[in-house]
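The values are calculated or read from the model by the stated rules, or taken from the named source; none is laboratory data. Owing to the predicted nature of the structure, the values given are computational and were not obtained by experimental measurement. Counting neighbours? That spans all protein chains shown, and the Cβs are built from the backbone with ideal geometry, glycine included.
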Amino acid sequence: MFGTAFAQDAEKPRYTNDEGEEVFGPDYMPRSPDDVGVPLYMGRPNAGFRIPDSMLVIPQDVFRNSTIQGSLPLDAVPRQLPDDVPYLKDFRERFNTTPLKFNNLVPNNTIGPSATMKVHYVDVGQGAGAIIELPCGVAVIDLGGEWVGGNGGKVFVQYLEAFLAARPHYNHTVNVVIVSHPHADHLKGTKSLMDTNIRVLGVVDNGQTGDEGSLLTQTTFREWVEQGVPKRYSAIEVPRQVTATGVTNSVIDPFVCADVTAFWGGNNDNASKKPYDNPNNHSVVVRIDFGEASFMFMGDLELEASHDMFKQYDLNPKVFDADVLLVPHHASENATNDDLIGKITPEIAIIQMGSRTSEGAKDYSHPRGKVIALLQDQPEIVSDKRTDTPKFWAYPSGGAPLKEIQIKQAIYGTGWEGTIVVTATAKGTYQIESLGH
Ligand SMILES: [Zn+2]
């Protein structure tokens, strides 16, 4: 009957921007979760270890009172940190601690220089999803995506199932799933994952909660994980502050052989204002250190938000210096500039994007030729070279037809060459393998 109110299709975003991305709007705004989960800590009270509370360095709550509405103003007075806040990795070494036993965790806190880990950047079409394969466990960062004629989220979960089946020592268990932000191309796979018998021992997201759209998908997944393992949730709702090292806790970093650190996070105060009405700009950013090897995962953070994030870590900009960069926002033009790549100075850059025939990649014109030029033209920011010099493609501008582009430096794209597996040694050497479409 005409005039009947149709139920909102839960799959269809209520609000989209000009590019077709799901954005917040008057009746689609993120809430904070009732329980933000395990407290975040600055410094390195490192996770995976039981350290007395009195020895933990500055809980995040100390800074809650200094929350400033909206984006960090340039004249914000930084909170002074004590002089002895340790930087990243040094802290753990001061303690003779006992690893917490998380079911299947294989303690391995004496990794030698030849120990290896892998990151699988899975080809999920337009979207992102990575599996972190460590000697002491498994992490997942995002589980996209969209796929022309299919569901990239399902593709990701199928890859994960095959991965775990081939590695029985992980006991069908993922130690932590980190969701960067509530957009389908980063969390569509949560639905498929909930239908498997894979155990998930922890979940991290930006805390944004809602009853509809991708906010609901994120909320549902978090609740599903918590049903199985209570008190293994952590919201990266990082309030306005100046820190030296990012945040962590035993959910974000359940590993004894690697360090996992989170940056940025949800900021619901400004979600009604551009550009923060786009969930991209609330992406959780993740850093993984394995011995001397380091990886940065940027989610879809755009330039305004990454500028704000860098500003918060002015005391220690080196905290972003990493070897392998997952290029933010599928190498969109609005997410990479000189400042960002100058802070990270990657040796290797990975782009997760749709293939040549992907409608999603075409709609957003990902990846952009300009971003690839920033990464590899003089001065070459991506410092490693490929052993081959393949001709791939990129979009010169929004809506323009794609154009051939020669790749000289160590830049790899899932849309170009399928799933990419980076093997790293604890000495900080890398090997890259492309699995093809
Ligand atoms: Zn995305």
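Does His186 count as surrounded by fewer than 24 Cβ atoms within 10 Å (Cβ to Cβ), at pLDDT 95 or above and closer than 29 Å to Ala361 by Cβ? Spelling it out, it is not the case that His186 is surrounded by fewer than 24 Cβ atoms within 10 Å (Cβ to Cβ), at pLDDT 95 or above and closer than 29 Å to Ala361 by Cβ.
Filtering segment 244-279 to residues that are within 16 Å of the ligand (Cβ to nearest atom) and under 26 Å from Val138 (Cβ atoms) leaves Trp264, Pro279. Mind listing just one residue for me: the one in segment 153-187 that is under 18 Å from the mean Cα position of the chain (by Cα) and more than 20 Å from Thr414 (Cβ to Cβ) and, of those, nearest to the ligand (Cβ to nearest atom)? The residue in question is Pro182. Of all the criteria given as (1) surrounded by 17 or more Cβ atoms within 10 Å (Cβ to Cβ); (2) in contact with a Gly (Cβ under 9 Å, 6 or more places away or on another chain); (3) under 22 Å from Phe163 (Cβ atoms), the one not satisfied by Ile405 is (3).
If you go through segment 184-230 and pick out every residue that is under 15 Å from Asp35 (Cβ atoms) and hydroxyl-bearing (Ser, Thr, Tyr), you end up with 2. Consider segment 115-152 and keep the residues that are away from the ligand (no atom under 13 Å from the Cβ) and among the charged types (D, E, K, R). The one that is surrounded by the fewest Cβ atoms within 10 Å (Cβ to Cβ) is Lys118. All told, Gly299 falls short of being surrounded by fewer than 24 Cβ atoms within 10 Å (Cβ to Cβ) and on the phi > 0 side of the Ramachandran plot. Residue count for segment 162-182 under the criterion of being at negative phi and either of a type in the set (A, V, I, L, M) or surrounded by fewer than 16 Cβ atoms within 10 Å (Cβ to Cβ) (or both): the result is 12. Within segment 134-172, the only residue that satisfies the criterion of being modelled with pLDDT under 95 and among the hydroxyl-bearing types (Ser, Thr, Tyr) is Tyr170. Condition check: under 28 Å from Val23 (Cα atoms), more than 15 Å from the ligand (Cβ to nearest atom) and among the hydrophobic types (A, V, I, L, M, F, W, C). Does Phe310 satisfy that? For Phe310, the condition - under 28 Å from Val23 (Cα atoms), more than 15 Å from the ligand (Cβ to nearest atom) and among the hydrophobic types (A, V, I, L, M, F, W, C) - is met.
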